[in-house]
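The values are calculated or read from the model by the stated rules, or taken from the named source; none is laboratory data. All values reported here derive from a predicted model rather than from experimental measurement. With ideal geometry, Cβ positions are generated from the backbone for all residues, glycine too; neighbour counts draw on all protein chains shown. Heads up: the accessible areas ignore ligands, DNA and RNA and are worked out on the full protein's heavy atoms, side chains in. Shrake-Rupley method; radii C 1.70, N 1.55, O 1.52, S 1.80 Å.
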Amino acid sequence: MIVHLVDGTYELFRHFYGLRRSTKGGDPPFGAVIGVLHRVLQMIETGATHIGVATDHVIRSFRNDLSPGYKTGQGIEPALLAQFHPLEEALAAMGVAVWPMIELEADDALASAAHIAAADAAVEKVCIWTPDKDLGQCVRGDRVVQVIRRGQTVRNAEGVREKFGVPPALIPDLLALVGDAADGYPGIPGIGAVTAARLLNQYGAIEGFPSTVLGTDRDLALLFKVLATLRDDARLFDDVDELRWRGPTAAFAPYAQRIGADRVLERCLRAQVA
């Protein structure tokens with residue numbers, strides 16, 4: 001079997017702003033939610049049998065306690081934020097495994113789900129559907145891969161090295177050095193992507209750097225590495241078969257009608273029969 005893991009937060013953002021462009025600024029109350037549901041159904045219609053979706057139930061995590069500059073929900077548009085919880089409810093009603101994260105983040109859930117699924121001998125491959133560079137650290141050979149929907153790029157371990165200049169295991173170190181503006185940490189002054197990759201290929205992980213390389217910035221780099229390292233120990237499920245889609249629950253029909261997703265309901269029922 002192939003396990004598909006979807007970054008629900010990313011998909012919600014993508015559909016929200018994509019819909020806004022097509023509606024010339026209008027924000028249908030559940031427009032982005034419906035878009036994500038259609039996207040998940042498209043995966044099911046094209047053969048996906050085992051799917052899990054990770055979401056950020058709140059835009060805070062343990063990382064905010066480690067660094068005051070780490071990302072928060074500040075600046076997220078209210079019309080988008082209002083669709084976070086409805087997305088989780090809609091996916092659950094549609095019969096899709098969904099993991100709303102509170103102290104951890106959606107990326108941690110994807111990392112944890114990939115770790116659990118890859119340990120199952122019945123799993124042929126794990127596909128993590130997100131363009132987020134953080135998830136590159138979860139890639140393992142050809143068994144756990146990252147799928148970037150735009151262009152249908154499948155990034156295995158060699159693909160991660162080609163893209164970033166370092167193997168998957170060193171992605172947290174790379175991000176610690178160059179920073180991640182989206183997550184709210186700036187990296188180490190004077191170190192860009194090329195220099196960071198060169199240092200990591202020369203010395204290995206940041207912990208192995210000679211003291212002269214980072215100087216007084218060493219502790220800061222190690223803090224940023226903690227922020228960039230995804231947790232893979234969340235117990236999201238015990239058996240991969242829990243991710244098998246078996247059709248919508250009885251709650252989905254009234255829920256779909258309430259949010260104006262009649263077409264989603266029709267597609268869902270057809271997919272169940274198929």
Pairs, first polar (S, T, N, Q) in segment 232-254, second at pLDDT 95 or above, C-beta under 7 Å, six or more apart: 249/93; 249/95
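Of everything in segment 180-199, what is under 18 Å from the mean Cα position of the chain (by Cα), over 15 Å from residue 135 (Cβ atoms) and in contact (Cβ under 8 Å) with a residue 40 or more places away in the chain? Give them in sequence order. If you could, list the steps in order and put the result at the bottom.
The first filter runs over segment 180-199 and keeps only residues under 18 Å from the mean Cα position of the chain (by Cα), leaving 180-184.
Of the ones still in play, those that are also over 15 Å from residue 135 (Cβ atoms) are 181, 184.
Passing the criteria: only 184.
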In segment 1-56, the residues that are in a strand (DSSP E or B) and open to solvent by 30 Å² or more (accessible area, probe 1.4 Å): 2
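Among the candidates 159, 204, 190, single out the residue that is open to solvent by less than 70 Å² (accessible area, probe 1.4 Å), of a type outside the set (A, V, I, L, M, F, W, C), closer than 30 Å to residue 65 by Cα and out of contact with any helix residue (DSSP H, G or I) (no Cβ under 7 Å at 6 or more places or on another chain). Explain how you work it out, then say what you get.
On the way: 159 fails: closer than 30 Å to residue 65 by Cα; 190 fails: open to solvent by less than 70 Å² (accessible area, probe 1.4 Å).
The conditions single out 204.
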Given the residues 103, 88, which is the only one that is at pLDDT 95 or above and surrounded by fewer than 23 Cβ atoms within 10 Å (Cβ to Cβ)? 88
Subset of segment 155-191, residues at pLDDT 95 or above and assigned to a strand (DSSP E or B), comes to 155
For segment 120-134, name all the residues that are in a loop (DSSP other than H, G, I, E, B), open to solvent by 10 Å² or more (accessible area, probe 1.4 Å) and either in contact with a helix residue (DSSP H, G or I) (Cβ under 8 Å, 6 or more places away or on another chain) or touching a residue at least 24 places away in the same chain (Cβ under 8 Å) (or both). 120, 122, 124, 131, 132
Kindly indicate the residue of segment 57-85 that is among the polar types (S, T, N, Q) and crowded, with 18+ Cβ neighbours inside 10 Å and also modelled with the highest pLDDT among those meeting that condition. 83
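Take residue 113 and tell me if it is out of contact with any Ser or Thr (no Cβ under 7 Å at 6 or more places or on another chain) and surrounded by fewer than 24 Cβ atoms within 10 Å (Cβ to Cβ). It would help to see each step written out before you state the result.
Working: out of contact with any Ser or Thr (no Cβ under 7 Å at 6 or more places or on another chain): yes; surrounded by fewer than 24 Cβ atoms within 10 Å (Cβ to Cβ): no.
No, not satisfied.
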Kindly provide the set of residues from segment 207-249 that are assigned to a helix (DSSP H, G or I), farther than 30 Å from residue 123 by Cα and open to solvent by less than 20 Å² (accessible area, probe 1.4 Å), ordered by number. 214, 221, 224
Here the residues within segment 241-256 that are in contact with a Leu (Cβ under 8 Å, 6 or more places away or on another chain) and aromatic (Phe, Trp, Tyr) are 252
When the residues of segment 38-74 are narrowed to those that are closer than 17 Å to residue 246 by Cα and among the hydroxyl-bearing types (Ser, Thr, Tyr), which ends up nearest to the chain's Cα centre (by Cα)? 49
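Given the structure, is residue 110 under 27 Å from residue 62 (Cβ atoms), more than 12 Å from the chain's Cα centre (by Cα), of a type outside the set (Val, Ile, Thr) and part of a helix (DSSP H, G or I)? Let's see the steps before the verdict.
Numbers: under 27 Å from residue 62 (Cβ atoms): yes; more than 12 Å from the chain's Cα centre (by Cα): no; of a type outside the set (Val, Ile, Thr): yes; part of a helix (DSSP H, G or I): yes.
So residue 110 does not fit the description; no.
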Take segment 162-187 and flag every residue that is over 17 Å from residue 136 (Cα atoms) and surrounded by 19 or more Cβ atoms within 10 Å (Cβ to Cβ). 185, 187
Matching residues, segment 252-268, being touching a His at 6+ places or on another chain (Cβ under 9 Å) and not in a helix (DSSP H, G or I): 261
